[in-house]
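The structure appears right after this line, and notes come after that.
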Amino acid sequence: MPPKSRFTRLDAFTKTVEDARIRTTSGGIVTIGSLLVLLYLVWGEWSDYRRIAVHPELIVDKSRGEKMEIHLNITFPRLPCELLTLDVMDVSGEQQVGVMHGVSKVRLAPEAQGGGAIDVNNLDLHSPDDEAFHLDPDYCGDCYGAPAPPHAKKQGCCNNCDEVRDAYASVSWAFTRGENVEQCEREGYSRRLDAQRSEGCRIEGALRVNKVIGNFHIAPGKSFSNGNMHVHDLGNYLESSVEHTFTHHIHSLRFGPQLPDNIKSKLGAKASPWTNHHANPLDNTLQVTNDRSFNYMYFVKVVSTAYLPLGWEKAQNNKVPHELIDLGAYGHGPDGSIETHQYSVTSHKRSLSGGDDSAEGHKERLHTRGGIPGVFFSYDISPMKVINREQRTKSFTGFLTGVCAVIGGTLTVAAAIDRGLYEGSQRVKKMHQQ
């Protein structure tokens, strides 16, 4: 027998002699059962280690100088595109008048004809074919007493109807149908305007604005500034023989990119707060009115929301100037992170003729007279930010600890069951022998 080591007396795992071991059928069944249970529990620990959970956090939004994209799709079935103007303003003093970049005006057939989209070649009132190429190269159109717009194709001249309209707007003059304006009569402006009177319009696309308190609105007529006031030329809208109204259908309105479906699937049962209805409460909103002078106001509270995938902090995020980011791609990080926004909204509507809401059962609610007909969206930025961060539910050390606990607990319980079965069978045998 080899000499005993000094560590022998410290052995907590004493061994039994092979001849003293007894193998039973019940022990074999318990062993197989315990192995199956052990495999199941270890697999559960592995699945729990590999599972990624999304933990929401609420912090103070300290970002400065950022931009925000507004994606909209709104249909006006009783207003032609030529009469609609989209304007954006914010409290920083930036006014984007007559926004067109990234926004499309889709001409729609009259409601009686189904309201389908008209051919894309007819979306713009003035196509390149409208330019009078036959004019003398030295031709300089009259601006009819107004200063020529700075963006005119020929400096100091108004060579087409749009340039005359912009010149009138710069001095706050009403333009109406452009009668006796040589450029507009040559292009058939009034004739084409009359042809579109019964049409509808859909405004869709995206625009990028400063991430500060502001508003954007869709109102009739050319917009211009008169001193400190922002006004619209309502002549063609109010004097039309066709009853135009601001009945509208908001198909979608969101601030920032939409959360992709693959991220929603990761959230599993927790995806309900991210459904389109919750994130975009104005989607599929329909407002109907027969009043020509009617105003809709939507007061929107925007909350910045970020989604940070697993491992986002390891990626190098070099901030790219927003001018170099395509419209629609703003908010998507190269590491898979998404900077978007959720919002809540309250609405208000009133007739510009004044009166009360007795028709709706609110006689005590009185409205002032005056204003601009249209649909106005006033948005405010919340100082708080929601961060949804992906994290593993368990570390690798926690996984190993769990596996050890599962193995030890399963074998201990299995040994107790086997011991109970063995002792029970021995007692039954003794009873039969007596």
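Assuming R0 = 45 Å, what is the FRET efficiency of Gln258 and Glu179, from their Cβ-Cβ distance, to the nearest 0.05?
FRET efficiency, Gln258 to Glu179: 0.45.
Stokes-Einstein, applied to the Kirkwood radius of the range 365-434 over Cα pairs at a viscosity of 0.890 mPa s and 25 °C, places its translational diffusion at 119 µm² s⁻¹. Each label point was placed 7 Å from the Cα along the Cα-to-Cβ direction; for Ser172 and Ser26 their separation is 10.2 nm.
Round to the nearest 0.05 the FRET efficiency obtained for Glu323 and Thr401 when R0 = 30 Å and r is the Cβ-Cβ distance.
Working: r = 52 Å, r/R0 = 1.72.
That gives a FRET efficiency of 0.05.
In this simple spin-label approximation, Leu238 and His151 carry label points 7 Å from Cα along the Cα→Cβ vector, and these lie 2.7 nm apart.
With all projection directions averaged, the alpha carbon convex hull of the range 151-231 covers 7.6 nm².
For a paramagnetic label modelled on Leu36 (point 7 Å from Cα along Cα→Cβ), amide N atoms under 20 Å away belong, within the range 395-423, to 406-422. I'd like the accessible area for Cys158, computed on protein heavy atoms only with a 1.4 Å probe and all protein chains in place. Round to 10 Å², please. Counting only protein heavy atoms, the figure is 0 Å². Cβ-Cβ distance of Gln391 and Arg191, R₀ of 56 Å, FRET efficiency by 1/(1 + (r/R0)^6): the value works out to about 0.30. Applied to the range 381-394, the Karplus parametrisation 6.51 cos²θ - 1.76 cosθ + 1.60 on θ = phi - 60° returns per-residue 3J(HN,Hα) values of 9, 6, x, 9, 9, 9, 10, 9, 10, 7, 9, 6, 6, 8 Hz, with x for Gly and Pro.
Enter the accessible area per residue of the range 162-213 (Å², integer; probe 1.4 Å; all protein chains in place).
Details: 2090 Å² over 52 residues.
Heavy-atom SASA per residue in the range 162-213 reads 40 Å².
Where only protein heavy atoms count, and the probe is 1.4 Å, what is the accessible area per residue for the range 19-90 in Å²? Write out the running numbers ahead of the final one.
Working: 4180 Å² over 72 residues.
Heavy-atom SASA per residue in the range 19-90 reads 58 Å².
The values are calculated or read from the model by the stated rules, or taken from the named source; none is laboratory data. Model, not experiment: these values are computed from the prediction. Glycine also receives a Cβ, built like all others from the backbone with ideal geometry; neighbour counts cover every protein chain displayed. All accessible areas refer to the heavy atoms of the entire protein, side chains included, with ligands and DNA or RNA removed. Shrake-Rupley method; radii C 1.70, N 1.55, O 1.52, S 1.80 Å.
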